[in-house]
């Protein structure tokens with residue numbers, strides 16, 4: 001019996017299932033078919049007013065789906081943080097569930113238990129901003145256009161699709177090949193839909209500042225290239241009463257203003273030119289909000305503890321470089337970093353050391369010995385996982401905070417020697433006498449401060465690390481082409497990791513410009529474990545696969561783990577309000593509103 005039929009007690013035949021209102025990666029959607037709105041919105045919110053966001057960087061393009069402008073597209077067009085203001089996907093993700101999708105452009109969905117196909121039944125009310133209906137032809141056009149001219153991951157969405165076809169007047173069906181994994185139907189549901197009648201295929205992959213046509217709740221009102229973009233809410237937006245959109249899109253006007261440096265952005269926030277500032281610096285959070293508008297109450301400090309994994313922030317070794325291809329060397333360089341010194345000297349002990357890519361969640365390997373299912377998936381790779389990591393007892397060494405803890409440095413020195421290095425004349429050199437030296441590329445003053453601390457620790461063992469801080473455009477260019485030795489990067493983690501792990505760690509992404517495989521990992525065992533995650537059918541199998549993946553990454557020492565807060569900090573203008581209920585994933589700006597609205 002098909003999955004949906006089993007779930008709702010409805011009849012099903014081969015290749016067909018009863019329509020359902022939502023789909024979940026594992027288990028069932030939390031909300032019933034007759035739900036009215038998400039739990040973390042204010043359904044009675046008074047719409048109106050405005051908000052001004054601020055970001056660091058620039059933009060030269062309004063098309064977020066092409067490689068040329070991958071990191072220089074105006075924020076808000078297709079934006080997981082500020083909202084998909086112009087373009088929309090077939091379904092809407094709930095941020096109060098691990099990975100569950102509810103109807104948007106697609107009113108209902110049909111799929112089978114084995115996920116050999118998915119059929120999206122479009123909402124007949126769905127319209128583009130010019131009033132034209134959203135059609136199955138638009139859906140097919142979108143996927144084919146992005147396959148041919150889009151950037152990853154959109155360009156890869158059809159790789160495991162055998163057949164894409166129109167069904168009836170309002171439906172589109174994707175039939176999968178044996179290459180498909182169980183996450184693919186949900187990724188298709190998350191993909192953008194574009195208007196066939198308003199796009200020039202020949203020029204689609206060129207940068208453009210022409211105002212686009214979407215089906216979303218906002219239209220572009222004003223553009224100052226590289227400086228500012230303003231969106232105006234479309235009063236005729238077709239989806240404002242759909243349950244998955246109730247309580248969203250509450251401002252009449254949204255502006256996103258660009259700044260060259262974070263300090264300049266913060267100054268604009270202090271003056272009231274920007275309404276919201278996301279803070280990540282604990283020292284500044286504790287001491288830096290003594291300016292007049294904060295003291296008067298015109299600026300409000302707000303914090304929550306999301307129920308999500310920690311993710312991983314760290315110094316990333318580019319293993320494409322011959323220097324970093326030995327695991328012993330990467331481990332030695334990891335041990336040299338004195339977190340206790342950094343946390344005390346730079347951050348007033350505000351941070352916790354990150355010990356796992358999924359810390360603070362049930363998906364983490366911390367404190368959990370490998371179970372039988374993990375060992376079965378690992379196979380011969382089991383011998384590559386360090387015993388304490390396999391047992392779940394692994395912790396990075398805690399130093400005395402001096403920056404030169406002799407016990408830890410001695411352990412690191414043993415690893416340097418195993419990797420073929422020794423200290424001669426005060427320098428760490430290889431067997432040929434070549435000094436161990438590399439460059440750390442940083443993006444801003446905060447990263448530079450961390451790099452300088454790391455440089456200090458390395459110098460104690462004769463390792464020479466140079467630091468190069470580059471401007472945003474150069475940083476993005478070199479990041480996308482993997483032109484660096486060491487870089488500081490964050491690897492976000494969710495409660496439903498999936499194909500994103502291929503971009504971070506998969507062999508296929510190692511040499512793909514623009515991917516997130518910053519470490520250059522190309523390991524068949526890692527690939528196989530990611531595949532086990534993607535094919536897991538039960539929550540238990542999925543958890544085991546993710547924990548094993550965590551253990552493999554930790555044993556690889558591709559990243560020097562830094563720290564995490566476990567909290568989200570946001571300061572905002574007093575008139576910007578939010579719902580009392582905060583979902584699983586923390587703050588959700590698209591459901592906030594302007595309390596001044598009349």
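The values are calculated or read from the model by the stated rules, or taken from the named source; none is laboratory data. Just so you know, these numbers come straight off a predicted model, no measurement behind them. Using ideal geometry, Cβ is built from the backbone for each residue, glycine included, and neighbour counts are taken over all protein chains shown.
The table that follows gives values for the structure above.
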{"read-out": "Single unsatisfied condition, residue 575 versus (1) modelled with pLDDT of 95 or more; (2) assigned by TED's automatic domain parsing to the domain that holds residue 329", "value": "(2)"}
{"read-out": "Considering residues of the range 486-506 that are assigned to a loop (DSSP other than H, G, I, E, B) and touching a helix residue (DSSP H, G or I) at 6+ places or on another chain (Cβ under 7 Å) only, the residue surrounded by the fewest Cβ atoms within 10 Å (Cβ to Cβ)", "value": "499"}
{"read-out": "Test: residue in the range 151-171 that is assigned to a loop (DSSP other than H, G, I, E, B), at pLDDT 95 or above and crowded, with 20+ Cβ neighbours inside 10 Å", "value": "yes"}
{"read-out": "Given (1) part of a loop (DSSP other than H, G, I, E, B); (2) surrounded by 21 or more Cβ atoms within 10 Å (Cβ to Cβ); (3) assigned by TED's automatic domain parsing to the domain that holds residue 150, index of the condition residue 76 fails", "value": "(3)"}
{"read-out": "From the options 535, 480, residue that is surrounded by fewer than 18 Cβ atoms within 10 Å (Cβ to Cβ), closer than 30 Å to residue 383 by Cβ and at pLDDT below 95", "value": "535"}
{"read-out": "Residues of the range 113-135 that turn out to be free of Cβ contacts under 8 Å to residues at least 60 places away in the same chain, surrounded by fewer than 20 Cβ atoms within 10 Å (Cβ to Cβ) and either in a strand (DSSP E or B) or touching a strand residue (DSSP E or B) at 6+ places or on another chain (Cβ under 6 Å) (or both), as a count", "value": "1"}
{"read-out": "Residue check for residue 522: touching a helix residue (DSSP H, G or I) at 6+ places or on another chain (Cβ under 6 Å), assigned by TED's automatic domain parsing to the domain that holds residue 329 and part of a loop (DSSP other than H, G, I, E, B)", "value": "yes"}
{"read-out": "Matching option when the condition is buried (at least 23 other Cβ atoms within 10 Å of the Cβ) and within 26 Å of residue 494 (Cα to Cα), among 99, 65", "value": "65"}
{"read-out": "Hey, residue 461 in contact with a strand residue (DSSP E or B) (Cβ under 9 Å, 6 or more places away or on another chain), modelled with pLDDT of 95 or more, more than 16 Å from residue 316 (Cα to Cα) and buried (at least 17 other Cβ atoms within 10 Å of the Cβ) or not", "value": "yes"}
{"read-out": "Selection status of residue 310, more than 30 Å from residue 501 (Cα to Cα) and out of contact with any helix residue (DSSP H, G or I) (no Cβ under 6 Å at 6 or more places or on another chain)", "value": "no"}
{"read-out": "Residues of the range 538-564 that turn out to be in contact with a strand residue (DSSP E or B) (Cβ under 9 Å, 6 or more places away or on another chain), within 15 Å of residue 386 (Cβ to Cβ) and surrounded by fewer than 22 Cβ atoms within 10 Å (Cβ to Cβ), as a count", "value": "0"}
{"read-out": "Filtered residues of the range 274-298 (kept if within 28 Å of the chain's Cα centre (by Cα) and either in contact (Cβ under 8 Å) with a residue 24 or more places away in the chain or within 24 Å of residue 62 (Cα to Cα) (or both))", "value": "274, 275, 276, 277, 278, 279, 280, 281, 282, 283, 285, 286"}
{"read-out": "Selection from the range 234-250 of residues that are over 25 Å from the mean Cα position of the chain (by Cα) and within 22 Å of residue 90 (Cβ to Cβ)", "value": "234, 236, 237, 238, 239, 240, 241, 242, 243"}
{"read-out": "Set 88, 110: member being crowded, with 21+ Cβ neighbours inside 10 Å, in contact with a strand residue (DSSP E or B) (Cβ under 9 Å, 6 or more places away or on another chain) and within 30 Å of residue 573 (Cα to Cα)", "value": "88"}
